[in-house]
Amino acid sequence: MNNNALWNVTLSSGQHAVIFYALAVAGLALAAFAVRQLTTMHEISVRYRPAAIAGTCVAVVAFLSYIVLVLKFDAGYTQTVDRWTAASNAFLSWAPRYFDWTVTVPLLVVELIAVSSIVGAQAAKYRAIGISLAAGMIITGFIGGVAIDEGTNLAALWIWGAISGLCMVGLYVMFVFMLLHARRDLARSSALQPFQFAITLLIVIWFAYPAVFAFQGFDVTAGTYTTAQVLLSVADIIAKIGFGALIHKVAKLRTAEDVAAGIDTGHDGPVWINGQRATGPQNGRRS
Amino acid sequence: MNNNALWNVTLSSGQHAVIFYALAVAGLALAAFAVRQLTTMHEISVRYRPAAIAGTCVAVVAFLSYIVLVLKFDAGYTQTVDRWTAASNAFLSWAPRYFDWTVTVPLLVVELIAVSSIVGAQAAKYRAIGISLAAGMIITGFIGGVAIDEGTNLAALWIWGAISGLCMVGLYVMFVFMLLHARRDLARSSALQPFQFAITLLIVIWFAYPAVFAFQGFDVTAGTYTTAQVLLSVADIIAKIGFGALIHKVAKLRTAEDVAAGIDTGHDGPVWINGQRATGPQNGRRS
Amino acid sequence: MNNNALWNVTLSSGQHAVIFYALAVAGLALAAFAVRQLTTMHEISVRYRPAAIAGTCVAVVAFLSYIVLVLKFDAGYTQTVDRWTAASNAFLSWAPRYFDWTVTVPLLVVELIAVSSIVGAQAAKYRAIGISLAAGMIITGFIGGVAIDEGTNLAALWIWGAISGLCMVGLYVMFVFMLLHARRDLARSSALQPFQFAITLLIVIWFAYPAVFAFQGFDVTAGTYTTAQVLLSVADIIAKIGFGALIHKVAKLRTAEDVAAGIDTGHDGPVWINGQRATGPQNGRRS
Amino acid sequence: MNNNALWNVTLSSGQHAVIFYALAVAGLALAAFAVRQLTTMHEISVRYRPAAIAGTCVAVVAFLSYIVLVLKFDAGYTQTVDRWTAASNAFLSWAPRYFDWTVTVPLLVVELIAVSSIVGAQAAKYRAIGISLAAGMIITGFIGGVAIDEGTNLAALWIWGAISGLCMVGLYVMFVFMLLHARRDLARSSALQPFQFAITLLIVIWFAYPAVFAFQGFDVTAGTYTTAQVLLSVADIIAKIGFGALIHKVAKLRTAEDVAAGIDTGHDGPVWINGQRATGPQNGRRS
Amino acid sequence: MNNNALWNVTLSSGQHAVIFYALAVAGLALAAFAVRQLTTMHEISVRYRPAAIAGTCVAVVAFLSYIVLVLKFDAGYTQTVDRWTAASNAFLSWAPRYFDWTVTVPLLVVELIAVSSIVGAQAAKYRAIGISLAAGMIITGFIGGVAIDEGTNLAALWIWGAISGLCMVGLYVMFVFMLLHARRDLARSSALQPFQFAITLLIVIWFAYPAVFAFQGFDVTAGTYTTAQVLLSVADIIAKIGFGALIHKVAKLRTAEDVAAGIDTGHDGPVWINGQRATGPQNGRRS
């Protein structure tokens, strides 16, 4: 068993500044992304709108969670000459990440399915399984990494971490299935490339989370904690904002293609990306 | 009489973390649901819009209430070595549940009636009775469970609890009537199944509330309090978000059917669910 | 002269809980009503929209005011064994009611006129007089009930209270005039009944306010204060939400009748109430 | 030099209550006005929309500023028996007025120009000059009245006050020019009267500000401070809400006249004021 | 090495007031600009909408950041007779500027590209490079100016400052390229002039930031800190609001020209600027 919880460290002035920076920048970036999601929602047809809404919810929930992280990191470490030592609030400069993920990771899965080529009852099934696996992944992670002895009980850490990892594997399998489906169903769509990129991005960046989780299994220092906070802030920016922007692009391209194909998705008006009409002049003729 | 109010307990570090987790996750999930309700409202015709609005109000009010729960749970327990002992604020890590329910339970009844097959004067009557029973159920519960001797007066607990229970029975009877009505009036509607599911869900999950209320009649320990907080957070997620999502689906399906039947509900544009048009190509022809 | 301001009392645990409950429930109900007003505004034509907007402002302002009431009641009484004694903040668990009323009572008058049968220059005159009387009623009440010696100066209490009462009489006279106008002009309208009900409701429930004001003229106890807080919270719910819902119904019915009569109020789409089209199939033909 | 800054006074209980009342009521009234501006914006054509937007910004900025005023007045005076003495925060129960005015006074000028008969390059010139004069008026006032020795340096007070006054004269000259323009260009418009009234109102009510500024040049007492706070709160209500409502009416009337004259301002739907169609049945025929 | 971090100074009463003023005014101005951006967004076609959205995000993020600056400046300096001395919170009256810039400077680049004549894949490339350079410029600035020894390590200050400066040069080169592109592609557009002005403004005002950064390389006094805070507040107002208003005008003019040229950008309704139709009567004929 470790002597210290991950957040029970004494930070140097520089480490304190860097963590504050990482948390605040991620929070502000999420605020900006929430605004962007809300103001572009109408550019996506109601068919793919659930993806845009899920992405908005992700941004709002994560923003709220980063507000708590920032406030509690501010209150949780008190200055003594040139050091910052952990107070009882320090616990809440870390745990809110799990509060956030419990809601946002299932929503990321919803976001992905909503622009995939899986529809109808099959989509409902994928969604149910995906939400369950995602919630299970985070809840078990929280039990081992925070709830039991503040993550210092190594046996609990590894056992619950392993269960969490199994859920992650299940999600990865689902992602691969969705990728194969998309390759078949969207073979001629311009949306295939960003869709593939979105899934790949998720698969790669999600490795950051178990890596940081494993930090707790070794000697915890101020450096470990600083690295963990910065790494997860960056991972959250990529997995929520970068991924969300890709999904948004997929949804816009598919909206344009539906309009061009004459599928009534209730969307009126042309689709513009990067200052150009999407999919050329043959689409949007009805508007 | 018990010696302690339910919230006057000393929590272990793990219990403290688990309660914080349950409260925060429920709060964030309600925030996400409020965003979803607001951004999908226009997909439901004005005929069933009151259901969507009531569901939005439920999400907003419960979110506000969970903010208070989280803040007061944070302030209400102070760390002493590895224990968290209740301060005078602890009362407000529990009572806001009743503040929330007094407003949201009547709104859940409104939500249900608005998508049911009961209309006109009869709907107004059902709504008046339902709101009264719901408000009565919570107010009497608050009197016995919190106001009188902080819920430690067993006689008051059981007497007011019994009155509260009678209101609950009245609501259950009303739900069954609505179910029978729906079976007759919506027999050929695709909305019948999710409507039945929504009522069943409410009937089942609501049992959690009197069960937790009864906890106060027995020896209160930190474990009791932890179980109560987690159980009610989960019950709130299911009864507000899960139920609300089902009602939302009922409203969308009925909107699509109205459009297909040529009933003017002022709705334009097609209805899409799970990436597919609702009720096939015969509907939405006017859009 | 009384020894104590109304809020300088020592509350039992139960009284403290009941007041907290009344304040919080009124606040949450007003939040829900604000959401409902904002999401239904487009269902009312621009002709009667000022009523919907005034009602929304009432809900928002009263909600803000109840936030202050709750926060200051929370901070204004400190626990000592099983009692809660008033601190210097206690003043602000009462005075914000007057802040709120100074803005909302004039708005309630605006709300009423906007759906009445009084239009044009006459409406402007009624509005000017009504706003003046309403503002005068509250300002004078504040002077006698709070500002002078914290409401403990009985001479000031009764003199300013009497002036306030005269303004109230003036408003009641105006309400009766509006009622008579409506009976003549809206004799065949389905909106007459809810309009009459709305005025009657206001006339009856407003008696609660001078009654509570008069409490201060007698011996003030913890019981008086508790009764006053609960009574005014209930009165606010009825006078703001109940009244507002009735005005909303009047506005919807009149909108539907305008559409049916071919009056161009810029409203498109049918009007639905309780799951039924308002005023039968003859209206809304243009949509 | 005065001994005391304006806000370094000891208030009686009544004075404390009256200032709190004035600040809170102005804040709540501004909140209500912000809601009204946002919900009526679409009733004004894009041609005059900048006026509605500027008015909304005024309401939002002033509301934020009054929140600070209320919070800092609450924190800035501490109760000792029946007196309230200034703490170090008291400075912020006064200075935020200047923060607010620096942004809102230029916006009031923008609001006025946007509904005036001055257009194109000339409007841009008027706006640039007006914004400069308005900003100059407040910045110099802040330097003399707050920044230098907390407004107690009489030489600085009068010199900077005089410069501020010169800017005010410049603005008044501009207002008179706009009035003359309007009399010529809008001679037959129903909007002329409220436009003239709006300018007159501004010219009259603005005298309150230098008057209160001059208070600081004489003996400062608790009475002076109370009078200043109440007077400026009332002046803010009139200059922001009363003026804004008049500008709003001008914009609506001009919108209706544009529609009637066949000028394409992208506005659809009729304009209703006081329950009547604006400018008679001949307008709005296109809708 | 300096003895003091930039923010570890003792301020006179006047300096304290002036900094408070600068921070609060910038914050309120950004709030007003956010409202203006949100309420005018629909006046810009979806083609140039990304510019309006980026500008809105800039305003919201900077507003949030100024809230923190104001709160932490308020809490970070404590009054002692007529001086204000830095407390441990003082760090956060400066560092949030970097939090803000990390998000907003990349967004300013996005804003500029979105109304430029660069489109399609080239726009995507410019955006990727521009965002990278902008983020790099701020992150390296934060490392040298805050994170390492609180900006008192001169070697680190100059080295990281130099890297930051290189990124800035890269951005300036990009701006010049965009200018040349615009001169060729938009030669006959009325949008060219404000576009050129916007780029020029950015190039000029951005010099304020490295200048203030260099302050830290010399003796730091209360005067240095006050100058730095005021200068950066003014620079932020110009670079965010002034620049944003120019971009907004470019977007409106280009929208009007697209409509006139018959390019379908989904925009309906005329474009009005300064009370006049944009680009004369030949445009907007379709509306």
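The values are calculated or read from the model by the stated rules, or taken from the named source; none is laboratory data. Everything numeric in this text was worked out from a predicted model, so none of it was measured. Glycine gets a Cβ as well: all are built from the backbone with ideal geometry, and neighbour counts include every protein chain shown. To get the accessible areas, we keep the full protein, side chains included, count just its heavy atoms, and leave off ligands, DNA and RNA. Shrake-Rupley method; radii C 1.70, N 1.55, O 1.52, S 1.80 Å.
See the values below:
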quantity	calculated
Mean shadow area of the protein assembly as shown, taken as a quarter of the surface of its Cα convex hull (nm²)	49.4 nm²
Among C:222-232, C:14-24, the order from most to least packed when residues are scored by Cβ within 10 Å on average	C:14-24, C:222-232
Folded to 0 to 90 degrees: helix D:120-142 orientation relative to chain D principal axis, Cα	10 degrees
Copy-to-copy label separations for A:Lys125, where each label sits 7 Å from Cα toward Cβ, in nm and ascending	4.6, 4.6, 7.4, 7.4
B:Ala75-D:Asp185 FRET efficiency (beta carbon distance; Förster radius 60 Å; 0.05 resolution)	0.45
Positive dipole terminus of chain B, leading residue within B:Thr224, B:Leu11, B:Gly120 (C-beta point charges)	B:Gly120
On Cα atoms only, tilt of A:49-76 relative to the major axis of chain A in degrees	20 degrees
Of every Cα-Cα pair in region E:1-102, the percent that sits beyond 20 Å	48 percent
Per-selection Rg to Rh, region A:103-262 - Cα, Kirkwood hydrodynamic radius	1.05
Mean Cβ count within 10 Å, highest first, over the residues of peptides C:162-170, C:38-46, E:181-189, C:51-59	C:51-59, C:38-46, C:162-170, E:181-189
Shortest-first distances to equivalent copies, position E:Val204, nm, label 7 Å out along Cβ	4.3, 4.3, 7.0, 7.0
Inter-centroid distance (Cα atoms) of region D:224-274 relative to region A:42-68, Å	36 Å
Estimated buried accessible area (total), pair A and E, 1.4 Å, Å² to nearest 100	2600 Å²
Structure-based [θ]222 nm, the protein assembly as shown - -39500 (n - 2.57) summed over DSSP H runs of at least 4, per residue, nearest 500	-22500 deg cm²/dmol
Cα-based helix-to-principal-axis angle, C:96-115 vs chain C, degrees rounded to 10	20 degrees
Sorted largest first, extent of region E:183-240 alpha carbons per principal axis (Å)	52, 18, 10
Surface/4 of the Cα convex hull for chain D, nm²	15.1 nm²
Cβ-placed point charges (K, R +1; D, E -1), dipole of the protein assembly as shown about Cα centre in debye, nearest 20	4920 debye
Average other protein chain Cβ within 10 Å of Cβ, residues A:142-150	4
Globularity index of region B:191-287, i.e. its alpha-carbon radius of gyration over 2.2 N^0.38 Å	1.59
Rounded to the nearest 20 debye, dipole of chain D from Cβ charges on Lys, Arg, Asp, Glu	980 debye
Average partner coverage of C:262-273, which counts Cβ from other chains inside 10 Å	5
Top of B:Pro106, B:Pro194, B:Pro270 by mean-square fluctuation, Gaussian network on chain B, Cα under 10 Å	B:Pro270
Estimated FRET transfer efficiency when R0 is 51 angstrom, pair B:Thr227-A:Ala124 (beta carbons, to 0.05)	0.95
